[in-house]
Number of protein chains: 4
Amino acid sequence: MKDTEFIRGKIPMTKSEVRAVSLSKLNLRDDSILYDIGAGTGSVAVEAALSMRYGHVYAIEHKEEGCRLIQENLERFGLDKVTVVRGEAPDVLAGLPVPDRVFVGGSGGRMAEILDFVRKRNPQVQIVINVAALETLAAVGNYLKEKGISAEIVSIQVAKAQALGSYHLMQGQNPVYIVTIEGESRTESGKSLTEQGKIETMGSTKGKMYKKF
Amino acid sequence: MKDTEFIRGKIPMTKSEVRAVSLSKLNLRDDSILYDIGAGTGSVAVEAALSMRYGHVYAIEHKEEGCRLIQENLERFGLDKVTVVRGEAPDVLAGLPVPDRVFVGGSGGRMAEILDFVRKRNPQVQIVINVAALETLAAVGNYLKEKGISAEIVSIQVAKAQALGSYHLMQGQNPVYIVTIEGESRTESGKSLTEQGKIETMGSTKGKMYKKF
Amino acid sequence: MKDTEFIRGKIPMTKSEVRAVSLSKLNLRDDSILYDIGAGTGSVAVEAALSMRYGHVYAIEHKEEGCRLIQENLERFGLDKVTVVRGEAPDVLAGLPVPDRVFVGGSGGRMAEILDFVRKRNPQVQIVINVAALETLAAVGNYLKEKGISAEIVSIQVAKAQALGSYHLMQGQNPVYIVTIEGESRTESGKSLTEQGKIETMGSTKGKMYKKF
Amino acid sequence: MKDTEFIRGKIPMTKSEVRAVSLSKLNLRDDSILYDIGAGTGSVAVEAALSMRYGHVYAIEHKEEGCRLIQENLERFGLDKVTVVRGEAPDVLAGLPVPDRVFVGGSGGRMAEILDFVRKRNPQVQIVINVAALETLAAVGNYLKEKGISAEIVSIQVAKAQALGSYHLMQGQNPVYIVTIEGESRTESGKSLTEQGKIETMGSTKGKMYKKF
């Protein structure tokens with residue numbers, strides 16, 4: 001989805017290309033329970049909700065302006081699959097349903113607490129983190145090392161052409177690290193082909209199965 | 001989807017992150033007719049087919065090894081929504097159904113012919129092009145200039161962490177340009193920004209909703 | 001040199017890192033005659049002049065504000081090795097001494113004319129071009145193809161950490177293509193690889209040694 | 001300087017563009033004493049030595065193959081300004097002259113020790129670090145935070161065109177972080193911005209002028 005489809009305020013928004021890659025890494029199911037932590041404008045929550053048939057998204061945002069923007073975007077897209085939760089993670093996560101997917105767009109400096117909480121709630125949870133700050137990258141790296149978790153880490157640098165007279169200048173966007181902690185892959189070995197095929201209608205789990213045997 | 005889910009040969013494959021962004025730019029509907037031109041291993045065709053319920057994908061590939069790989073991947077994912085067409089575009093496109101979406105992963109040096117053909121077949125067609133070579137970038141640029149078409153051009157450079165002992169080194173992948181020619185948007189030129197916003201929103205929401213109901 | 005060492009106006013300036021790579025590709029000698037075409041603020045002309053003992057730089061700039069900025073920077077660094085030439089290249093190049101090095105920071109849409117002119121003046125000239133616009137990249141590519149010249153083409157994307165509270169966010173700069181047309185190498189075509197290796201080494205060592213003795 | 005000018009083994013070499021930027025950040029003077037820590041093939045030591053008239057470079061490398069390669073490169077360029085020191089930093093640094101410039105290309109996991117040692121030897125030392133691993137980036141970040149040092153941190157991602165038939169494909173190189181700890185700037189804290197501007201300018205102009213006269 002284009003960034004222009006969303007109502008935006010002064011709050012930074014996950015850019016279209018980074019959002020597309022992040023959602024792809026989340027590997028959502030049609031019935032996923034997703035926490036969007038540090039939801040900002042809600043662009044990730046909205047695009048995730050639009051791609052699920054039965055699931056639900058909990059958009060966690062501590063800023064009032066952010067929560068208002070998310071609401072406006074939910075109304076714009078006529079979405080009832082997203083619940084806005086105002087407050088800080090992990091404090092406000094306690095009462096929510098167990099997630100199978102977690103996206104962390106902002107951690108408010110509490111990355112380790114957040115990851116500990118959601119991984120305790122569901123050891124199989126699939127977590128995707130967007131990292132813009134070097135300190136956050138270090139925090140995530142330390143966490144993975146401490147816990148002995150292996151994760152996929154990619155950095156993405158996007159530039160976009162801007163027309164200037166009859167020229168197009170490539171304008172650099174800020175590089176973002178996308179960290180993916182694979183919940184599922186650690187436990188699927190026991191499941192049958194059909195089960196897996198069903199669970200993930202898209203059949204990519206089936207692809208994973210083949211990897212296993 | 002992960003690159004490891006696909007059967008791969010020596011043929012270059014669109015990498016996971018670039019594929020995710022390209023599919024996002026394609027903005028597929030549940031009933032889209034997609035041409036995947038220069039389909040290579042079929043990774044784009046497969047992931048596109050998995051994300052549509054009623055549509056169909058025509059995977060155009062002139063190399064025999066490529067066609068074989070695509071077939072193997074179709075069987076792996078149990079897909080019947082993809083037809084492999086061996087040959088060169090646009091030569092082999094004549095008999096196919098009119099497309100509403102076209103992805104060009106490889107043009108065999110015939111970019112202008114291909115774009116002319118598919119745009120003539122459907123002036124509203126949404127086209128997404130992956131460009132790896134400077135000559136291809138120039139060819140696309142010249143085409144857009146000649147035809148007076150405005151397109152979105154982004155470049156994406158991905159690096160992926162590789163474990164080396166107790167260290168993770170970021171390994172650079174090749175930068176790719178992703179060019180998007182917005183079929184639909186051309187029809188909205190007469191409308192006000194807000195109208196366009198609405199229509200654009202509805203359009204793509206509908207697109208997404210078709211996927212679901 | 002740091003960008004902050006220069007007096008800057010509204011005119012775009014070659015950024016420190018891109019300037020360093022460009023000067024390295026220019027491989028200046030202590031007695032080089034350098035044209036800095038599209039000199040802008042004069043940052044390349046100044047840093048080049050500071051690194052040569054006997055050479056001279058002709059800073060070509062058609063904007064009055066640019067010429068004034070260059071003058072101010074020359075005074076700031078107390079440089080007498082740089083002559084500011086106001087006007088458009090190649091028109092204003094006719095009267096100037098034959099160059100052995102040419103940097104093109106801006107071509108005013110006349111890239112082919114400029115390259116033809118300086119290569120005619122000195123077939124051995126070493127040319128380094130900074131490209132920010134896709135149209136310019138195509139123009140340079142077409143020129144190289146037409147003339148059958150092989151050049152080195154690199155793209156550089158820089159991001160710089162910016163402190164935001166207790167965090168450092170990486171801010172993306174615009175990607176730049178740096179094209180290097182090796183004057184000297186063309187004369188070595190007849191020689192064996194080892195000879196070339198020797199000559200290349202000696203050549204540039206000599207170049208560097210000139211600086212020293 | 002081009003990478004091809006150096007004799008190379010299996011040891012990783014700082015690439016031309018990253019070397020050019022790193023040397024620019026080092027801001028060498030004609031009489032600098034430079035430690036090149038983790039010298040690898042000696043490409044940084046050689047290019048640094050070629051650019052100084054009176055200074056000296058101590059190339060620290062613990063691998064035997066590396067030390068041999070550095071020697072071969074020193075002979076190739078007929079350099080007597082570089083001393084190869086085999087061993088691990090900071091262990092082997094004790095006996096060496098006080099440095100005013102330090103380049104860290106490899107730290108062997110002892111970054112903090114190395115930085116502590118050289119900064120104790122000379123609080124004004126100018127340090128440039130090349131970082132390829134996420135763990136090293138975290139180590140440098142933690143060090144800067146602990147010591148309350150502000151540094152410049154840039155990341156550079158280079159891609160280079162490779163001819164493939166009649167096409168040129170951009171091949172991505174690995175991204176590198178270049179961290180610069182400004183020795184000198186710390187002494188200017190008391191001065192006004194303009195004074196600092198002047199001094200900085202004079203300082204580095206002088207640095208450059210030393211090279212010349």
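The values are calculated or read from the model by the stated rules, or taken from the named source; none is laboratory data. Bear in mind that the values here come from a model prediction, so they are computed numbers and not experimental data. Don't worry about glycine lacking a Cβ; one is built from the backbone with ideal geometry, like all the others, and counts go over all protein chains shown. Just so you know, the surface numbers come from the protein's heavy atoms only, side chains and all, with ligands and any DNA or RNA stripped out. Shrake-Rupley method; radii C 1.70, N 1.55, O 1.52, S 1.80 Å.
Annotation note: of B:GLU61, B:GLU47, B:GLU65, the sole residue that is over 22 Å from B:GLU146 (Cα atoms) and more than 14 Å from the chain's Cα centre (by Cα) is B:GLU65. Take the residues in the stretch A:7-35 that are under 21 Å from A:LYS63 (Cα atoms) and in contact with a Gly (Cβ under 7 Å, 6 or more places away or on another chain); name whichever of them is least open to solvent (accessible area, probe 1.4 Å). Of everything passing the filter in the stretch A:7-35, A:LEU34 is least open to solvent (accessible area, probe 1.4 Å).
Give the stretch C:99-150 a look and list any residue that's in a loop (DSSP other than H, G, I, E, B) and touching a strand residue (DSSP E or B) at 6+ places or on another chain (Cβ under 8 Å), or say none.
Restricting attention to the stretch C:99-150, the residues satisfying the condition of being in a loop (DSSP other than H, G, I, E, B) are C:99-100, C:105-110, C:122-125, C:132, C:148-150.
Across the stretch C:99-150, the qualifying residues are C:PRO99, C:ASP100, C:GLY105, C:GLY106, C:SER107, C:VAL125, C:ALA132, C:ILE149, C:SER150.
For the stretch A:25-41, state whether one or more residues are small (Gly, Ala, Ser) and more than 28 Å from B:SER22 (Cα to Cα). No, the stretch A:25-41 contains no residue that is small (Gly, Ala, Ser) and more than 28 Å from B:SER22 (Cα to Cα).
The residue that is farthest from the chain's Cα centre (by Cα), counting only those in the stretch C:160-180 that are under 22 Å from A:LEU164 (Cβ atoms) and part of a strand (DSSP E or B), is C:GLN171.
Residue under question is A:GLU113, and the condition is that it be acidic (Asp, Glu), modelled with pLDDT of 95 or more and over 27 Å from D:ASN174 (Cβ atoms); does it hold? Yes: the conditions hold for A:GLU113.
Checked against (1) part of a helix (DSSP H, G or I); (2) open to solvent by 40 Å² or more (accessible area, probe 1.4 Å); (3) under 23 Å from B:ASP3 (Cα atoms), B:THR83 passes all but a single condition, namely (1). Pairing each residue of the stretch D:155-175 that is more than 7 Å from chain B (Cβ to nearest Cβ) with any residue that is open to solvent by 50 Å² or more (accessible area, probe 1.4 Å), provided the two are 6+ apart or on different chains, yields C-beta distances under 7 Å for D:VAL158/D:LYS15; D:LYS160/D:GLN171; D:GLN162/D:HIS168; D:GLN162/D:GLN171. Residues in the stretch D:152-168 that are touching a helix residue (DSSP H, G or I) at 6+ places or on another chain (Cβ under 8 Å) and crowded, with 19+ Cβ neighbours inside 10 Å were compared, and the one that is farthest from C:LYS145 (Cα to Cα) is D:ILE153.
State yes or no: is D:MET52 within 14 Å of chain C (Cβ to nearest Cβ), of a type outside the set (Val, Ile, Thr), open to solvent by 10 Å² or more (accessible area, probe 1.4 Å) and not in a helix (DSSP H, G or I)?
no
The residue pairs whose first member lies in the stretch D:125-144 and is more than 7 Å from every other protein chain (Cβ to nearest Cβ), whose second member is open to solvent by 20 Å² or more (accessible area, probe 1.4 Å) and of a type in the set (Gly, Ala, Ser), and whose beta carbons are closer than 6 Å, counting only pairs six or more residues apart or on different chains, are D:ASN130/D:GLY105; D:TYR143/D:ALA112; D:LEU144/D:ALA151. Of the residues that sit in the stretch D:108-131 and are among the charged types (D, E, K, R) and farther than 26 Å from D:GLU64 by Cβ, which one is most open to solvent (accessible area, probe 1.4 Å)? Ranking the candidates gives D:LYS120 first.
I'd like the full set of residues that are loosely packed, with under 15 Cβ neighbours inside 10 Å and at pLDDT 95 or above, limited to the stretch B:95-107. Matches in the stretch B:95-107: B:PRO97, B:VAL98.
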